[in-house]
Structure formats: C-alpha cells, structure tokens
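Just so it is clear, none of the values below were taken in a lab; they were calculated from the coordinates. Not measured: the values here are computed from a predicted model. Note that we place each Cβ from the backbone using ideal geometry, even for glycine, and neighbour counts take in every protein chain shown.
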Amino acid sequence: MMSAPSHLIIAPILIPLLAGALLLFFEDRERRLKDAVSILTSAALVVVAAVLLFRTGADGGRIFVYLLGNWPSPIAINLVLDRLSAMMLLLTAVLALPALVFSIARWQRAGAHFHSLFLFLLVGLNGAFLTGDLFNLFVFFEVLLAASYGLMLHGSGQLRVRAGMHYIVINLAASLLFLIGVAMIYSVTGTLNMAHLAIVLQGLEGESRFMAEAGAGILGIAFLVKAGSWPLNFWLPTAYSAAAAPVAAIFAILTKVGVYVLLRLSLLLFGSEAASTGFGEQALFFVGMATILFGAIGILASQALGRLAGYSVLVSSGTLLAAVGFAQTGVTAGALFYLISSTLTLSAFFMLIELIARGQDPAADVLAVTMEAYGEGEEEEEEAEEVGVTIPETLAVLGVSFAACGILLAGLPPLSGFVAKFAMLTSMFNPDGVGEGVIRHSSWWLASFLILSGFATLIAMTRAGISAFWARIDGEVPRVLLVEMAPVAALLAMTVFLTIGAGPVMRFLEAAAADLHSPQAYIQSVMEAVQAVPHAREVLP
Amino acid sequence: MELLLSLSMGALAGSGVWLLLRPRTYQVIMGLALLSYAVNIFIFSTGRLRVNAPPIVEKGMEVDPAAFTDPVPQALVLTAIVISFATTALFLVVLLASRGLTGTDHVDGREPEK
C-alpha cells in the first residue's frame, strides 16, 4: 500500500528541478528574488532530507522503494531510500545552504544563471544518491556534470576557462567509459536494476561472468575518475582551486559521489554473499593508498591555499577509497563518519580561503577582472555595503576558523576529524570487538598512511597559516561581510555538533554500514516492492 | 555483419582516442565525437544483432519474444546520443571561449616552448 507521504522520496529531485526551471524565467537582475527562491529551496531540501533520514532510522531501519511510473519491480526504474542515501541527501542539503548564502555577497553576480545551475546540480546529486538503476544513475550523473560544467566556468576568466576545459574533457571521456561498462553488464545480465543485477550476477558462469566483471571494472574506472583517484586526478587541484568559492564549496561533495557509488555497487554486486566476492577490493585499496600518498605530497608542495585545499580533497577521497577497499563493516562506518566530517570541512575551507586571499592578491585580481568584464565593478562596491555589515576583528575570526579547518583536516583532537580517524583505526585493529580477531597486514599500511597524511596536512596548514596571518606581506585586512563569514562558521559549527553527537551519529552509521555489508534486505525490498493501487481500478469479473 | 560492425567500432574508437590525446582543442572535440559514435554503436549492439525484428510489440497481439529484438539498448542509445550531443555542443562553446581568452587553440591555453 502506497500512502501519500511516500511520495516524499522523490521530493529531493523535484523541488530543486522546479525551482531551478522557474528561475530561468527571470532575468539575472532580479537578484533578491533569485536569492530568496534558491535559499528557500535549499532550506526545504534540508527539512525533507532530515525527515527522510529520520524515517529510515525508525523501527530498526527501513528501506523505501519508489517505483517510477508504477511499473512492477524489477522492470520499473526505481528510487531507493536507505540509511546511506538519506545521509548523503542530508549532507548535500546542508552543504548547499551555506554555499548559496555565501554567494549572495558577490559571487552570484559574476556570471549568468548561477542559481539555476546550482539547483540543477542539486537535482543531479540527489538523483544519483537515490536511484536504484544503473542507467538512471548515468542520467543523473550527466545532469550533475552538465550543471557542474556551467558552474565551473562561473565567473569566467582565463584561468577558469582553461581549468574548466580540462575538467570537461576528462569527465566526458569518463562518461563514455561509464556507458561502455553499463552496456557490457547489460549484454550478459539483461537488467540494469541494481538489486536485480546482484541476483542475476550470482547465476552467471564462464564467459558471461568474465564479461560482467570486465564491465564492472570499466564502470569502476569511470567512478574512480569522478572520485579523483590517482592516477586519474591531475586535473582536480587546478580545477577546484580555479572555481569560484561557493562553487568549490559544493564541489567538495562531487568526489564523494564517485566514492558513494563505488561503495554501494562493490558491496551490493560483489559483497560477501555474492558469487565473485571481493572483486576489485584490492585494486580499490591500492589505488586509495596511492591517492593518499599523491595528495599528501601535493599538500606539502602547494604554495597557494587553493591548491592546498585541492590536494586535501584528494587525501580525503584517497582515504575513503582505501577504506572501501578494506571492506570491513567497522571501517566502513568510520569511513562514512570521515566522509561527513571531511566534506563539511573542505566546503568551509574553500570559502574561507577565498576570504583570506581576498586581502592579498591573485584571486582578488581575478575577481576584479571578472567584475570588469561584466561591467559591474562600481555597482558591486555600492551593493556590497548595502548587503550587510562587515565583521569586526576580521583577522581573529578568520584565524580561528583557519585553525579549526587545520585541526579537522589533520585529524587532531578534539574535533570530528579525529573521531573519524579514531573510529577507522579502532575497527582496523579490533576486527571482531575490542582485542579480538586477527589484525590484517594491510591495517598497518593503512594506519600509517592515515597518520602520515594527517601529519603532512598539519605541517602544510601551519606553514600556510603563518604566512597568511602572522607574516602578511601587504598587511591589509580583508573586508569580510557577515553573510560571507556566517556560512563558514555554520559549517564549522556543524563539525562541532558532529563531535558532540558522535555517539548517536556513529550508531546510525554503523547500522548503515551493516546494511551495506549484508545487502539482502536492500535486494529483497526492491524485488518485493509493491505497486501503488490506482485510484480508479477496473474491476474484473 | 558482426565483423563489419566490430571493425567500424574499432576504427572509430581508435581514431577517437588518438585525436583525444592531441594538443589542439578542435582535435580533442572531434576525438570525443568519434569516441561517442563508437560507444553508441557498441550499446546498440549489446542487444544482439538481429535483422527484420522490430523492437516494439503491438498492442493486443499475441507475443512471441523470439520474433522481437531487445528494445532496451535502443532506448539507452537514444538517451546516450542526446546527452553526448548536448555535452559536445557545450564543449564547443568552452572551446571558443578559450580561443577568445587565450588567443590560441592549444589545450593548455599557451603554445609549448620550442
């Protein structure tokens, strides 16, 4: 029986889609209206995601399946909401709201249709987290990528166009790999429904099995490109540091989409009870380790703050990939905590560095050039004063936020970055409860990489902090508006709440990880999903 | 027919990859277009090659699945064509913007030093 509230599952896709389409009808001059609509939309998304999260956690965990077009399962393209997807929806929504607030101050004026593109990006993200169909996943990926191409170029300028072009080419190539993988899997299984696929794969023998595994491998490479794993990630630091600050802030979750899909598919299709158990796990583990190493070296070598943040993204996704490859329930739960914590931190960090760098130089110059190109330089000055109050003690506030980001990224106590790493390390060395079980060889490697990458981050952040705050060359204090500082503070406050509420959050994530590692409940709920009863039904004699 | 199709896919994909790795933006976009043709034909062929078999069942007809070809890959390929067409068009705009801003059609935005 399908009651009305279950339609709420599709709301995270429909709300931003409608709002984004609506905003296309207004000119970019109507900024107040566009700001209001998009901020209201993302606030609504936070509420919807919170309600959905609460529902999935109720009664010992529930999985909701939404059959699009009311076709019977497994023919229908479906949306599946479980703990993991609800968590990702909420994370997307709480990243979007601060980024949009941040953009009010000046960034939304740097190009056309900022709000619509931003909302369409949210459509793609939410769709990718919800869908339970491989080809539908491709479509949502393309929606989010197409929007991200536009956002990447937002603000224009030589640097952005060049970085954006590399970003677009590599993602187009990856999308083609995605299609090849999907087609190969379809050719031997005859289904694209993920849950149905998990069942069909178990019965495959001989050549068909090789074909399916080859397809899964190619599919995996496509997601590794999105996740920014070594050696497919040389474009990422440049692209992220060139993007406009609020855009980079929401891009912090784009690499996580790749990780999310890898986590979900590898455990669903090649989990412990499937026929080809552990396919690709080792590869993921080593690729993840290599990414951590590459990211850590990059962090140490970075001169500019933007590139430092870009390489931090790589360390974060490398850690996640290695944890996915480690394939152990406790580590997965810790990795999910790390995912939330690091995404919030990186998002705050990308906005923060724009504020810090503003007083200094190149970034501000780029912005100024951009404003000039759009003929809005002078107007910008006036309106900036109108928008809000500048905050007092600017450098102190910025410095404290910067220190918080450093602590979070390096994984030092007392903030959530530490809790996340601690959770992963604890489960690695206590596989079957405290002091029980055999410690795997790879645990030592992963543990040392985690700690060393944290150390490298600490060194780089300290050095960058000293040059940005204590040894400023020009000595000019950046002018920071309240609407720009508040989002950064809000994101950092969330990590504080995450630290305080680590107990309940961790319990939820452990349940989510347990669901992922034994996907029977997921498969069963999809296969047995009941169609909605049509209102006017023909009564058969 | 299988041989012909495989050869043409191979030729398209091979030249596509080669062009993709070239330093000029126009070559890159042609490479992407050729690669997407290869991928589209590949998707189409995953439903197995059949001659004289329609993909769509007529309403109310007695259905013998063996007389029909698989409609799913054909639907997939339509979607893939539309998406790759749109993204290629978008890339064309970026290509022109880059040419205008940097004054060169090199992918790195500057000519390599001789």
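For the peptide B:80-89, the mean number of other protein chain Cβ atoms found within 10 angstrom of a residue's Cβ is 4. Distance between the pseudo-spin-label points of B:I56 and A:I500 (7 Å out from Cα toward the beta carbon): 6.1 nm. For segment B:54-60, 3J(HN,Hα) computed residue by residue from phi via the Karplus equation (6.51, -1.76, 1.60; θ = phi - 60°) reads x, x, 10, 7, 7, 5, x Hz, glycine and proline entered as x. With the Cα gyration tensor of segment A:17-68 giving a ≥ b ≥ c as the square roots of its eigenvalues, does the rule (a/c under 1.5 for rounded; else a/b larger than b/c for prolate; else oblate) give rounded, prolate or oblate? Oblate, because a/c is 1.5 or more while a/b does not exceed b/c.
Against the longest principal axis of chain A, how steep is helix A:305-326, in degrees 0 to 90 to the nearest 10, with axes from Cα atoms? It is inclined by approximately 20 degrees. Across the options B:A11, B:L101, B:I56, the greatest Cα extent toward the positive end of the charge dipole of chain B (unit charges at beta carbon of Lys, Arg, Asp, Glu) belongs to B:L101. Comparing A:S73, A:G124, A:A486 along the charge dipole axis of segment A:4-527, the residue lying farthest to the positive side is A:S73, per the Cβ-charge model.
In order along segment A:71-77, the Karplus-derived 3J(HN,Hα) couplings, from 6.51 cos²θ - 1.76 cosθ + 1.60 at θ = phi - 60°, round to 7, x, 6, x, 6, 5, 6 Hz, and Gly and Pro are given as x. The peptide list A:12-18, A:226-232, A:334-340, put in order of mean Cβ contacts within 10 Å with the highest first, becomes A:334-340, A:226-232, A:12-18. Mark the label point 7 Å from the Cα of A:A214 along Cα→Cβ and return the residues of segment A:163-185 whose backbone N is within less than 20 Å of it. Under cut-off, by backbone N: A:174-185.
Qualifying trypsin sites (Lys or Arg not before Pro) in segment A:1-65, where qualification requires a DSSP coil assignment and no more than 15 other C-beta atoms within 10 Å, comprise A:R29, A:R62. With unit charges on the beta carbon (Lys/Arg positive, Asp/Glu negative), name the residue among A:H154, A:A21, A:G399 whose Cα is farthest towards the positive pole of the charge dipole of segment A:4-527. Towards the positive end, the residue furthest out is A:G399.
Among B:L34, B:L19, B:L49, the residue with the largest mean-square fluctuation in a Gaussian network model of chain B, with springs joining Cα atoms closer than 10 Å, is B:L49. Take each residue in B:90-97, count the other chain C-beta atoms within 10 Å of its C-beta, and the mean is 5. Here chain A is assigned +1 on the Cβ of each Lys and Arg and -1 on the Cβ of each Asp and Glu. Its dipole about the Cα centre then comes out at about 840 debye. Eigen-decomposition of the gyration tensor built on the alpha-carbon atoms of the protein assembly as shown gives equivalent ellipsoid semi-axes of 39, 30, 26 angstrom, largest listed first. Free of any GluC sites (Glu not before Pro) that DSSP assigns to a loop and that have at most 15 other C-beta atoms within 10 Å, the longest stretch within chain A is A:31-204. Computed on segment A:1-120, with alpha-carbon pairs under 8 angstrom and 6+ residues apart, the relative contact order is 36 percent. So which chymotrypsin sites (Phe, Trp or Tyr not before Pro) in segment A:1-80 end up in coil per DSSP with only 10 or fewer other C-beta atoms within 10 Å? Passing sites in segment A:1-80 are A:F25.
Entry note, chain A: relative contact order of 18 percent, from Cα contacts under 8 Å with a spacing of 6+ residues.
Pairing the Cα long axis of helix A:502-517 with the longest principal axis of chain A, what angle in degrees results, from 0 to 90 and rounded to the nearest 10? Between the helix axis and the principal axis of chain A, the angle is about 40 degrees.
When a/c reaches 1.5 or more, the comparison of a/b and b/c decides; with that in mind, is segment A:92-166 rounded, prolate or oblate per its Cα gyration tensor? In terms of gyration-tensor shape, oblate.
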